[in-house]
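Engineer: Take this structure first; my questions come after.
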Amino acid sequence: FFFPITITSHPSFSVMAPTTTTTSSSSSPHLPLIGPWRSPPNDLHDQKINNKSAIHSGDASASLFGPTLGGPPIHGTTHHTQFAPLLFRHFTLEAFMSTGCLSTVFHIPVTHKQPVRCALCEPASRDHNNNNNDAVTLYMENLKGDKVLTGTATVGRLDPIQRDASAVRQLLAKSMRKNSARSPSSIIKVNVGDTSPRETVALPFTKKLGNLFPYTYEEKLSRLTEPHEFYKREEGKASPFKRPIIPLEAYNILMTMTLDKAKWSSTQNANLADERAIAWFGACEVRAINGPIHPEENYTLSREIVHIGSTKKAESVWLETKLMQHAVVVADMLLQIHFLKPPQSSSSKL
């Protein structure tokens, strides 16, 4: 039996000393770790895709989920930063931002300012050479106790077997087994193996990031549920890396902010799917390989469609993105994007 340790965090991520003891022989005796309740904002209500309102606006979400959701859902990877204090407590900040992997599968939408909290649980696998490298399971829940997302987290340079054990890659493998022979689609417009030209991306502090993220990076930092001094321009110089670092949710921002302008090799078009289809994230894995990632630095980005899956109600594109600097892979991301035509939607479950 495990007594959870509740973390109370503030901008510098200090945590309270444990007030309970653990009676388990676990290799990670301080697990589980449970974070405080937070109310993440929907900062993408003005997001545009193909010059149309995205799912984070009222009109698009109403056509997908109906009135039962209670408002537009927030961007799923916004939740990643809320895990940071727990991940840094378990793995250390320096280790996780250098080689950490956060792999999350989204289950239930969260609306603007809806309270949620996250937890790190028992190791999903054992590293007998270094217990601190155990892969841990994780989840986020709402006030009803419903699991908003589940996932895994690791640090270190993993071998292929270890890496394929992550939550998102397990989901990808399951979809690949189910959809080994894909039938023609009226929604998806790209093909497996499609790539987009390499491009240069960066996160400047004060420049608008584009239609997909209609704010500046500085504005984004002001909205984090778990702010940190090391994310800031000047204060970040005191980080272990001597420069500011970007928060976990900004990995997805950096690697998708130009996705609406990508030209896929088989179509020379930016559309992943029919323009009428509504898109939302099903899963996202972000991994630092030679991290951390720094704001205001140029990176080279490449993308590839690695799988296309389907259910009765939707089709999904699996997109792998690599972020490089000076020919070294700094980070990568595996993203599942669901596409659904509004007339087909009557349920948030796929």
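The values are calculated or read from the model by the stated rules, or taken from the named source; none is laboratory data. Source: prediction; values computed, not measured. Every residue, glycine as well, gets a Cβ built from its backbone with ideal geometry; the counts of neighbours run over all protein chains shown. What goes into the accessible areas is simple: the full protein's heavy atoms, side chains included, and nothing from ligands, DNA or RNA. Shrake-Rupley method; radii C 1.70, N 1.55, O 1.52, S 1.80 Å.
The rows are residues; the columns are (1) at pLDDT below 95; (2) among the aliphatic types (A, V, I, L, M); (3) outside any strand (DSSP E or B); (4) touching a helix residue (DSSP H, G or I) at 6+ places or on another chain (Cβ under 6 Å).
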residue	(1), (2), (3), (4)
PRO123	yes, no, no, no
LEU172	no, yes, yes, no
MET176	yes, yes, yes, no
SER196	no, no, no, no
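Engineer: For ASN211, only one of the following conditions fails: (1) touching a residue at least 12 places away in the same chain (Cβ under 8 Å); (2) out of contact with any strand residue (DSSP E or B) (no Cβ under 6 Å at 6 or more places or on another chain). What is its number?
Structural biologist: With (1) touching a residue at least 12 places away in the same chain (Cβ under 8 Å); (2) out of contact with any strand residue (DSSP E or B) (no Cβ under 6 Å at 6 or more places or on another chain) applied to ASN211, the lone miss is (2).
Engineer: I'm trying to understand the selection: among the residues of the range 247-266, which are open to solvent by 10 Å² or more (accessible area, probe 1.4 Å) and touching a strand residue (DSSP E or B) at 6+ places or on another chain (Cβ under 7 Å)?
Structural biologist: Of everything in the range 247-266, those that are open to solvent by 10 Å² or more (accessible area, probe 1.4 Å) and touching a strand residue (DSSP E or B) at 6+ places or on another chain (Cβ under 7 Å) turn out to be MET257, THR258, ASP260, LYS263, SER265.
Engineer: Within the bounds of the range 66-80, is there any residue that is within 16 Å of the chain's Cα centre (by Cα) and modelled with pLDDT of 95 or more?
Structural biologist: Yes: one or more hits.
Engineer: Go through the range 141-166 and give me each residue that's of a type in the set (A, V, I, L, M, F, W, C) and not in a loop (DSSP other than H, G, I, E, B).
Structural biologist: Within the range 141-166, VAL148, LEU149, ALA153, VAL155, ILE161 qualify.
Engineer: Please verify whether the range 281-288 includes one or more residues that are part of a loop (DSSP other than H, G, I, E, B), on the phi < 0 side of the Ramachandran plot and open to solvent by 30 Å² or more (accessible area, probe 1.4 Å).
Structural biologist: no
Engineer: Given the criterion of a type outside the set (D, E, K, R), assigned to a strand (DSSP E or B) and more than 27 Å from ALA135 (Cα to Cα), identify the matching residue among SER302, SER266.
Structural biologist: SER302
Engineer: Residue by residue through the range 305-340, note down the ones that are in a strand (DSSP E or B), over 18 Å from the mean Cα position of the chain (by Cα) and within 26 Å of TYR231 (Cβ to Cβ).
Structural biologist: Across the range 305-340, the qualifying residues are MET324, GLN325, VAL328, VAL329.
Engineer: If I ask for residues that are closer than 27 Å to THR216 by Cα and either β-branched (Val, Ile, Thr) or free of Cβ contacts under 8 Å to residues at least 40 places away in the same chain (or both), which ones from the range 269-318 would you list?
Structural biologist: Passing the criteria: ALA270, ILE278, VAL286, ILE289, ILE293, THR300.
Engineer: Of the residues VAL201, VAL190, which is among the aliphatic types (A, V, I, L, M) and modelled with pLDDT under 95?
Structural biologist: VAL190
Engineer: Tell me yes or no: at least one residue of the range 137-148 is among the small types (Gly, Ala, Ser) and crowded, with 20+ Cβ neighbours inside 10 Å.
Structural biologist: Taking every residue of the range 137-148 in turn, none turns out to be among the small types (Gly, Ala, Ser) and crowded, with 20+ Cβ neighbours inside 10 Å.
Engineer: Does the range 216-239 contain any residue that is in a loop (DSSP other than H, G, I, E, B), open to solvent by 40 Å² or more (accessible area, probe 1.4 Å), at pLDDT below 95 and within 25 Å of ILE308 (Cβ to Cβ)?
Structural biologist: No, the range 216-239 has no match at all.
Engineer: Give me the residue from the range 100-116 that is open to solvent by 20 Å² or more (accessible area, probe 1.4 Å) and outside any strand (DSSP E or B) and, out of that set, farthest from ASN42 (Cα to Cα).
Structural biologist: HIS107
Engineer: Among the residues of the range 280-298, which ones are of a type in the set (Gly, Ala, Ser) and in contact with a His (Cβ under 7 Å, 6 or more places away or on another chain)?
Structural biologist: GLY282
Engineer: I've got another one for you. Considering every residue within the range 191-200, establish whether at least one is touching a strand residue (DSSP E or B) at 6+ places or on another chain (Cβ under 7 Å), open to solvent by less than 80 Å² (accessible area, probe 1.4 Å) and at positive phi.
Structural biologist: yes
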